[in-house]
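First the structure, in the form of structure tokens, and then the observations on it.
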Amino acid sequence: MNEKETMQYQKELLERVKNELGMSQSDISRKFEIGTSSVSSWAKQKIKMPTSVKIALQLMLKEKESQEFINAVKEYHIKMNNIVQK
């Protein structure tokens, strides 16, 4: 991945975190104990996001996806039990 693609990816990653996890740039800065100006600079593709933060954000999104899958399986199990019991 070249520099331009890397910067575009970090912008998209931040947007996904904001949209899917309902976090603001301020929330992200508090979570990682960094200044809001850093998060803003990442979003504006002015500076490169540290790899550790990128991985953490990716894991946060993956955790949400996993939890949604677990909830869907639980709901399916409940529905199947209700059908069997009838």
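The values are calculated or read from the model by the stated rules, or taken from the named source; none is laboratory data. Here the structure is a predicted model, which is why all the values come from computation and not from measurement. Glycine also receives a Cβ, built like all others from the backbone with ideal geometry; neighbour counts cover every protein chain displayed.
Test V17 against the criterion of being surrounded by 14 or more Cβ atoms within 10 Å (Cβ to Cβ), in contact with a Ser or Thr (Cβ under 6 Å, 6 or more places away or on another chain), modelled with pLDDT of 95 or more and assigned to a helix (DSSP H, G or I), and give yes or no.
no
Need pairs with beta-carbon distance below 6 Å; first residue closer than 11 Å to L61 by Cβ and within the stretch 2-24, second of a type in the set (V, I, T); sequence gap 6+ or separate chains.
Listed by first residue and then by second, the contacts come to M23/V17.
Which one is surrounded by the most Cβ atoms within 10 Å (Cβ to Cβ) among residues in the stretch 25-44 that are touching a Ser or Thr at 6+ places or on another chain (Cβ under 9 Å) and in a loop (DSSP other than H, G, I, E, B)?
F32
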